[in-house]
Amino acid sequence: MCPSSARARSAPSSSHRSSPRSTTTSGACSGPSTPPHEEATALISITEEIAVPSPPARVWEVISNPTEVVSCISGAELGAAHDDGSFDGTLVVKFGAVRVKFAARVTLELTEDQLEGRLSARGRDGQRATRFTAEATFRVMQGDGPGKARVAVTGEITINGKLASLVESGAGAVVARMTKEFSEQLVQLCAGQAAVEADTAAAIAETPRPTGLFARLRAWWMRRFTHPRKAGNAHAQAE
């Protein structure tokens, strides 16, 4: 798996466009503190590439299914689906000793012939003190060899409100941890079906043919009810 990259930036509010913008790549918030009357804003950029030892078609089958994807993300749950194709979801994220639960409305657009998708989400934290919007694209590509794939993910998350500085300060560590967990689960899930099929085929191949008394009884049964019919047919044709 290629190294992950996450960049967190603190952005000035619209009322202070001339204020300097700080940029961090280590997760530490180095920008000027936000005055009490301003709403804190954080921008997190994500660029990831995940290597999966499974064929691209199998990886796409998993990663294009919201239920399968959620099963790969610790703390994520899928909610109700809506008539417009969007669905609800929740995600619990740990920032140091603080656990924050976010709820969102998610939209997923898929381009199957290109194995590409686009995800959009908008929501709030459980205290309704922080809002966020997220945009991400993902694409499944051929990997380094036969039966291997790569998943490229790029996106941005904008966070406004009380928890923006907290999220920004821990963004690097959180993204790295979640990417590692997701990658491991995705690899296992993609390999799962192939493993089941291989085990089933092996079990069938290894099933012993009947021997001993059972085999002799079966042979007697076949002779008893098959040969008389053949003899009867031959006799009828002779007449």
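Here the Debye sum runs over all C-alpha atoms of the range 69-166 as equal scatterers in vacuum, and log10 of I(q)/I(0) at q = 0.19, 0.21 Å⁻¹ comes out as -1.02, -1.16. Per residue, the convex hull around the alpha carbon atoms of the range 43-108 comes to 131 Å³.
Charge tally around R150: other residues with Cβ under 15 Å, Lys/Arg +1 each, Asp/Glu -1 each, net -1. Using a probe of 1.4 Å on the protein chains alone, the accessible area found for R105 is around 100 Å².
Between S54, T90, T111, the Cα set farthest toward the positive side of the dipole of the range 46-111 (charges on each charged residue's Cβ, about the Cα centre) is that of T90. Looking at the range 39-196, the accessible area is 52 square angstrom per residue; that uses a 1.4 Å probe and ignores ligands, DNA and RNA. The simple spin-label model puts a point 7 Å past each Cα toward its Cβ; for D84 and E135 those points are separated by 1.7 nm. Net charge dipole, the range 86-178: roughly 560 debye, given to the nearest 20, about the Cα centre with Cβ charges of +1 for Lys and Arg and -1 for Asp and Glu. Solvent-accessible area of the range 40-129 (1.4 angstrom probe, protein heavy atoms only): carbon and sulfur portion equals 49 percent. Each residue of the range 106-120 was assigned a 3J(HN,Hα) from its phi angle through the Karplus expression (A = 6.51, B = -1.76, C = 1.60, θ = phi - 60°), giving 10, 10, 10, 10, 10, 10, 5, 5, 10, 6, 10, x, 10, 10, 10 Hz with x at Gly and Pro.
Taking the inverse of the mean 1/r over every pair of distinct Cα atoms in the range 120-194 gives a Kirkwood hydrodynamic radius of 14.8 Å. Put S54, S74 in order of accessible area, highest first, and with a 1.4 Å probe you get S74, S54.
The values are calculated or read from the model by the stated rules, or taken from the named source; none is laboratory data. Because the structure is predicted, anything quoted here is derived from the model rather than measured. Positions of Cβ are generated from backbone atoms using ideal geometry, with glycine treated the same way; all protein chains shown enter the neighbour counts. Surface areas here come from the heavy atoms of the whole protein model, side chains and all, with no ligands, DNA or RNA. Shrake-Rupley method; radii C 1.70, N 1.55, O 1.52, S 1.80 Å.
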